[in-house]
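To start, the structure itself, in structure tokens.
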Amino acid sequence: QVLVVESGGGLVQPGGSLRLSCAASGSAFTIYTMAWYRQAPGKQRELVAFISSADFTHYADSVKGRFTISRDTAKNTMYLQMNSLKPEDTAVYYCNVNADGRGYWGLGTQVTVSS
């Protein structure tokens, strides 16, 4: 079993920045892909970005050039640096960890972009 916990959300003005963190913990597991998803009110959950075990990254078109995903393999932690935030980035951000062939979700962290 893998426990996934997100942190770093909050309220920020348009044009501002936030850094999200996702920490995975448990006993004897190997992480493959880690990903960030988000879900805005009334909308479906969507992929924001993912990073593979080989540090291959992929971004949704809506965040390219503004968001950067990274990971610290030794700490089983992933980050999402979000710059130039827009009101449409407002959502609950979820971390998904693929470990030993299974997907694990965190409970999410709220990001609100508003003046």
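The values are calculated or read from the model by the stated rules, or taken from the named source; none is laboratory data. Treat the numbers as computed from the prediction; the structure is a model and nothing was measured. Backbone-built Cβ (ideal geometry, glycine too); neighbour counts: all protein chains shown. These area figures cover heavy atoms from the full protein model, side chains too; ligands, DNA and RNA do not enter into them. Shrake-Rupley method; radii C 1.70, N 1.55, O 1.52, S 1.80 Å.
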Q | Approximate spin-label separation Gln44-Phe29, in nm, with each point projected 7 Å along Cα-to-Cβ | A | 2.6 nm
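If the only charges are +1 at each Lys and Arg Cβ and -1 at each Asp and Glu Cβ, what is the size of the charge dipole of the chain around the Cα centre, to the nearest 20 debye? Write down the numbers at each step before the final one.
Values: 10 positive and 8 negative charges, 20 e Å.
Charge dipole, the chain, about its Cα centre: 100 debye, nearest 20.
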Q.
Can you tell me the length gained on complete extension of the stretch Phe56 to Thr73, counting 0.36 nm per residue apart and subtracting the Cα distance?
A. 4.8 nm
Q. If you project the alpha carbons of the range 1-72 onto their three principal axes, what span does each projection cover, largest first, in Å?
A. 41, 24, 24
Q) So which trypsin sites (Lys or Arg not before Pro) in the range 47-115 pass both tests, a DSSP loop state and at most 13 other Cβ atoms within 10 Å of the Cβ? A) Lys64
Q: On a C-alpha basis, how far is the centre of the range 86-115 from the centre of the range 1-47 in Å? Whole number, if you could?
A: 4 Å
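What part of the accessible area of the chain, given as a whole %, is carbon or sulfur when the probe is 1.4 angstrom?
Working: 3000 of 6160 Å².
About 49 percent, which is the carbon plus sulfur part of the accessible surface.
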